[in-house]
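To start, the structure itself, in structure tokens.
The values are calculated or read from the model by the stated rules, or taken from the named source; none is laboratory data. The structure presented is a predicted model; accordingly, all values stated were derived computationally and were not measured. FYI the Cβ positions are ideal-geometry reconstructions off the backbone, even for glycines, and counts take in every protein chain you see. Ligands, DNA and RNA are excluded from the accessible area calculation, which covers all protein heavy atoms including side chains. Shrake-Rupley method; radii C 1.70, N 1.55, O 1.52, S 1.80 Å.
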Number of protein chains: 2
Amino acid sequence: MRSSTAPLTPVEVLELSVRGEPVGAASVAALVRAWLDGVATDAQMGAWCAAACAQGLGAGATEALTKALVASGDRLELATLGPTGDTHSTGGVGDSTTLAAAPIAAALGVRIAKASGRGLGHTGGTVDRLEAIPGYQVDLPLDRFVRQVRDVGIAVIGAGARLAPADARLHVLRDETGTVRSAGLIAASIMSKKIAGGAGAIALDVKVGDGAFFASVEEARGAATAMAALARPWGRRVVWTISSMEQPLGRRVGNALEVREAGEVLRGEGPPDLRELAVRVAADVAEATGVIAPGEGEARAAAAVSDGTALAVAERWVEAQEGDPAVWSDDGALPAAPERRVVGAPGGGWVSRLAARRVGETARWLGAGRLHRHQTVDPVAGLELLAKVGDRVEPGDPLAVVHARDPALAGRGAELFLHAVELADAPPEPIPLIIDRGGDDA
Amino acid sequence: MRSSTAPLTPVEVLELSVRGEPVGAASVAALVRAWLDGVATDAQMGAWCAAACAQGLGAGATEALTKALVASGDRLELATLGPTGDTHSTGGVGDSTTLAAAPIAAALGVRIAKASGRGLGHTGGTVDRLEAIPGYQVDLPLDRFVRQVRDVGIAVIGAGARLAPADARLHVLRDETGTVRSAGLIAASIMSKKIAGGAGAIALDVKVGDGAFFASVEEARGAATAMAALARPWGRRVVWTISSMEQPLGRRVGNALEVREAGEVLRGEGPPDLRELAVRVAADVAEATGVIAPGEGEARAAAAVSDGTALAVAERWVEAQEGDPAVWSDDGALPAAPERRVVGAPGGGWVSRLAARRVGETARWLGAGRLHRHQTVDPVAGLELLAKVGDRVEPGDPLAVVHARDPALAGRGAELFLHAVELADAPPEPIPLIIDRGGDDA
């Protein structure tokens, strides 16, 4: 009902979007701006996100959303600092990769400038994990953030305050409206923060499978290439890995528990899957920035772990953000749950399934994530997984330890956890961790 | 993540609904109650409505929503008043049928107890039309409403205050979020008001075609039978008509303009399509209550118009609600637009299309409906249609008169209106008005 160039009103955009009919980029941009200005309502934006989930979001709409989110705040230009890098996971369960990969890459000479988000749906978020570190400041003024990137070589903050602040608002709204699982919304959210954050090279870890927001490898690859395309006009280089989220990564799920596990990786210990992926992501970002020659990243990253330089960088990083640097090495420096409940195997056999989504939902239910907007995340809540897919257990063998605020939560958490587990009479096929890789050449 | 009997949380309901996966009736009821209690947010309910539009709403969810809406307020029992009836249109453009049909049915001895809604999307609403009548009170206390039904034989109020008040809130939210066109949401909205309003027989006019919320006859029939099924457990009888909304009904679109046109019908004048449908709906409700024998309704309704009894009832009705009873006969009693702009035919030929939705959107844009929640409806805004489908026009012949608040609006309205019109070199196929009928036997 408007001339072809004028943007549609929010209601017109919504009427088309819920039916899956395309709307122009200008109209999407106008809707997002109207929402940020308080003209369009949360109900309208929530409905739009639901339409995006149900009907998909086209490339033009995704790009328009990304631009609108970037334009909502400051945009850093870090080129004068030398090779800068950033890492990002699309969200998984027990996925503390970033906490280890970022300081490893920094130890290799990449300046890590990272703006992170909070947990979404059943998955954890880097900001929630960092807030489990006593004293750690996630909200730094941007000038201090840039100084820390320059002087310490690594800084990780919450993206909310100044960088793509609209994305932080949109995160909250998507979490509240159950509209997290949309490839377009995920790509726009991630890339708006990455673009505003200013790093020159971005390593993406795109999760696929039961506990991921992407169900198929095709979907994940589509999102990865979409994100690379969103970054290109801004002169950023994207490299990506597609990795499995059929079962949780590592052996710990929950904010403080995952900080502890990242510390193990930085000390050369920890579960092999988490170690492998952290080294891979660190190598990717180091190679993409050009500080490490192609093909040499993995060996150099492994060396930075074994010679202790990555751990030392991690300690300087946390200290610079006023956190307790002992968290990486001293279990006593992290908050711990008052209640721990061992969950025994209901029968014997091989663990054939440890459904990542149900484990994540159990952790969320225990308090590690949010079921509604104003919920506070409990840093100590979560699960330790004592058996993973392929392990053999006897009846009653410990499968997991539930970490909870009180005995009632622990008991219910143990019940919920068991729904995630399947046992079989024969060993299952192994689940490959890294499924595909790609991205822009250095 | 809950035991099978406990309702899901709002976020869990949304995560399933945006993907088109079914949720139990108890969970839908819990979401609606949570929204009414202020626990679930407008954003969550808006997202749920968007999911309902995009993915459809199952029979169980529709019934649960209807029950929750009815339970949100008072529910009248009018059995002691004798045969009571109600009429409803699913929403069209230029559709003042109810304003004429209701007093005609009352003249036949049906006590009309009607609770109406406001305009939705590009369609008008009975409450908005009634508010164009100077002095008319749409918000009566329920005891006064019931007394008026008993003493005057007809009362029409806004459903908002006490009857299914949740539906009034949901109307506003759906209008705001562009989620009006969902068969399930429409059925639940209509039937919650009908059930709470207490009338024993309900005549539904289900619109189909370009300007209707239903695109196909199958969809309309599905909605009609769904609404009849929703009413049956409450002991109400539903009869339904499916009528065309390819072009606007009658010749006037806009609130005061439609009151004027209903007055013409009550005086035995007015456009034949509106007259035919008003008589049909009045006959349906009279036969369904049993006050008129099957098959005799149409002749008796036509007689009530020609002998002036329907007009007399309409005047007593408006007077009882403090409105000016002269509105039905005296054009000067209604507010009129300061600006009128004649739209000339851009060429010659037969009018082959007069797209109801574009006409309705033009009227909405002029102020006859709402583009956002807090907009006030302008009673004088709208269009007079001087040529309808099948009429022959020469270049420059008047096609319509735009009624607007100022010259700028009138000019833009005239431009927008022309997008609704198509001319052809040969006469088009006539559009049948009444397409199907059905319902519960009396």
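Taking A:Val206 as meeting all but one of (1) closer than 20 Å to A:Gly56 by Cα; (2) open to solvent by 40 Å² or more (accessible area, probe 1.4 Å), write down the number of the exception.
All conditions pass for A:Val206, except number (2).
Would you confirm whether any residue within the range B:74-96 is assigned to a helix (DSSP H, G or I) and crowded, with 24+ Cβ neighbours inside 10 Å?
no
Can you pull out the residues in the range B:120-139 that are open to solvent by less than 10 Å² (accessible area, probe 1.4 Å) and either of a type in the set (Gly, Ala, Ser) or farther than 25 Å from B:Val206 by Cβ (or both)?
Within the range B:120-139, B:Gly121, B:Gly125, B:Ala132, B:Ile133 qualify.
Restricting attention to the range B:371-418, and to residues there that are part of a strand (DSSP E or B) and of a type in the set (A, V, I, L, M, F, W, C), which single residue is farthest from B:Ala345 (Cα to Cα)?
B:Ala404
Working only within the range A:211-231, note down all residues that are surrounded by 24 or more Cβ atoms within 10 Å (Cβ to Cβ) and outside any helix (DSSP H, G or I).
Selection gives A:Gly211, A:Ala212, A:Phe213.
Which ones in the range A:349-370 are open to solvent by 10 Å² or more (accessible area, probe 1.4 Å), among the hydrophobic types (A, V, I, L, M, F, W, C) and over 16 Å from A:Arg412 (Cα atoms)?
A:Trp350
Restricting the first residue to the range A:361-380 and requiring it to be at the interface with chain B (Cβ under 10 Å from one of its Cβ atoms), which pairs with a second residue that is in a helix (DSSP H, G or I) and open to solvent by 40 Å² or more (accessible area, probe 1.4 Å) meet a Cβ separation below 8 Å and a spacing of at least six or different chains?
Taking only residues 6 or more apart or on different chains, the pairs are A:Trp365/A:Arg412; A:Leu371/A:Trp365; A:Arg373/A:Val172.
Return the only residue of B:Gly184, B:Gly178 being among the small types (Gly, Ala, Ser), within 14 Å of chain A (Cβ to nearest Cβ) and outside any loop (DSSP other than H, G, I, E, B).
Only one candidate qualifies: B:Gly184.
Would a scan of the range B:66-76 turn up a residue that is out of contact with any Pro (no Cβ under 9 Å at 6 or more places or on another chain) and either within 13 Å of chain A (Cβ to nearest Cβ) or aromatic (Phe, Trp, Tyr) (or both)?
No.
Condition (residue is within 14 Å of another protein chain (Cβ to nearest Cβ), within 30 Å of B:Pro428 (Cβ to Cβ) and open to solvent by 60 Å² or more (accessible area, probe 1.4 Å)) applied to the range B:324-341: is it met by at least one residue?
no
Quick grid of which residues meet (1) at pLDDT below 95; (2) in contact with a strand residue (DSSP E or B) (Cβ under 8 Å, 6 or more places away or on another chain); (3) farther than 24 Å from A:Ala40 by Cβ:
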{"site": "B:Arg2", "(1), (2), (3)": "yes, no, yes"}
{"site": "B:Leu14", "(1), (2), (3)": "no, no, no"}
{"site": "B:Thr41", "(1), (2), (3)": "no, no, no"}
{"site": "B:Trp48", "(1), (2), (3)": "no, no, no"}
{"site": "B:Ala54", "(1), (2), (3)": "no, no, no"}
{"site": "B:Ala71", "(1), (2), (3)": "yes, no, yes"}
{"site": "B:Leu76", "(1), (2), (3)": "yes, yes, yes"}
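Is it the case, given these coordinates, that B:Arg19 is within 12 Å of chain A (Cβ to nearest Cβ), without any contact (Cβ under 8 Å) to a residue 60 or more places away in the chain and open to solvent by 10 Å² or more (accessible area, probe 1.4 Å)?
yes
Restricting to the range A:232-252, name every residue that is over 30 Å from A:Gly360 (Cα atoms) and either open to solvent by less than 10 Å² (accessible area, probe 1.4 Å) or in a loop (DSSP other than H, G, I, E, B) (or both).
A:Gly235, A:Arg236
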